[in-house]
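What follows is one structure encoded as structure tokens, with my remarks underneath.
The values are calculated or read from the model by the stated rules, or taken from the named source; none is laboratory data. What you see is a predicted model; the values in this text were computed from it and never measured. Note that we place each Cβ from the backbone using ideal geometry, even for glycine, and neighbour counts take in every protein chain shown. Note: accessible area is taken over every heavy atom of the protein model, side chains too, but ligands, DNA and RNA are not part of it. Shrake-Rupley method; radii C 1.70, N 1.55, O 1.52, S 1.80 Å.
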Amino acid sequence: MNTENTKLSWLARAIRWVVLWYYHRQGWTEVNANPDLRKCVIIAAPHTSNWDFVYFLGAATTLNVPLSFMAKKQLFRWPIGKAMRELGGIPVDRSASHNYVQMMVDEFAKRDSFMLTIAPEGTRSAVARWKTGFYHIAVQAKVPLVLGLMDYKKKQVGLAGAIWPTGDYLKDMAKVLEFYQQTTPLYPRKGSVDFGEA
């Protein structure tokens, strides 16, 4: 999320104000274990509620972390399209077959700072297996995976440790699983997942 007021339109500032106002009323504690990272893929998991996004954006703004995220292109139309881009949104076309991995790798190559947030489940509903695009993006862009922290029990939100992908998906995901087994999502029954094969 863009954290510089001078670069935001009135609508983007209004959205950010509402997010921050609500976020700060909920009593969360921010965590940032990776203050110097400016290029990474942030794993937003477990993603079991739409509130995850609101709280994560609130924490990122408070921490002055410029997040980026992918969203369906329909959300980038007038009147909110400009604000969506200013807040870090990147439009993607879900109605056609596109190489999202290469698209995001190209974004990493042309930007000095790019902290791409991805929910591997692809939905807030319970899923049997994570999608693996986030991992392939990190490997091909040569950037670390950062563990997005969203613990409803401890009321902690932010960025935990970084993992440099080795190319061995299952080995790297074992480290990711170890971390997320210690966090509590809003709906724990939706947070269990099989990583499958890359």
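Remarks
- Pairs where the first residue, in segment 69-88, is modelled with pLDDT under 95 and the second is among the charged types (D, E, K, R) and in a loop (DSSP other than H, G, I, E, B), C-beta under 7 Å, 6+ apart: Lys72/Arg94; Lys73/Asp93
- For segment 62-88, filtered to residues that are touching a Phe, Trp or Tyr at 6+ places or on another chain (Cβ under 8 Å) and either polar (S, T, N, Q) or in a helix (DSSP H, G or I) (or both), the residue that is surrounded by the most Cβ atoms within 10 Å (Cβ to Cβ) is Ser68.
- Residue match in segment 41-51 (condition: farther than 18 Å from Leu147 by Cα, part of a strand (DSSP E or B) and of a type in the set (Val, Ile, Thr)): no
- A count restricted to segment 89-146 and to residues that are under 22 Å from Leu170 (Cβ atoms), open to solvent by 70 Å² or more (accessible area, probe 1.4 Å) and modelled with pLDDT of 95 or more stands at 2.
- For segment 177-188, the count of residues that are out of contact with any strand residue (DSSP E or B) (no Cβ under 9 Å at 6 or more places or on another chain), hydroxyl-bearing (Ser, Thr, Tyr) and open to solvent by 90 Å² or more (accessible area, probe 1.4 Å) is nonzero.
- Filtered by the rule that a residue be open to solvent by 20 Å² or more (accessible area, probe 1.4 Å), at pLDDT 95 or above and not polar (S, T, N, Q), segment 28-53 gives Trp28, Glu30, Val31, Lys39.
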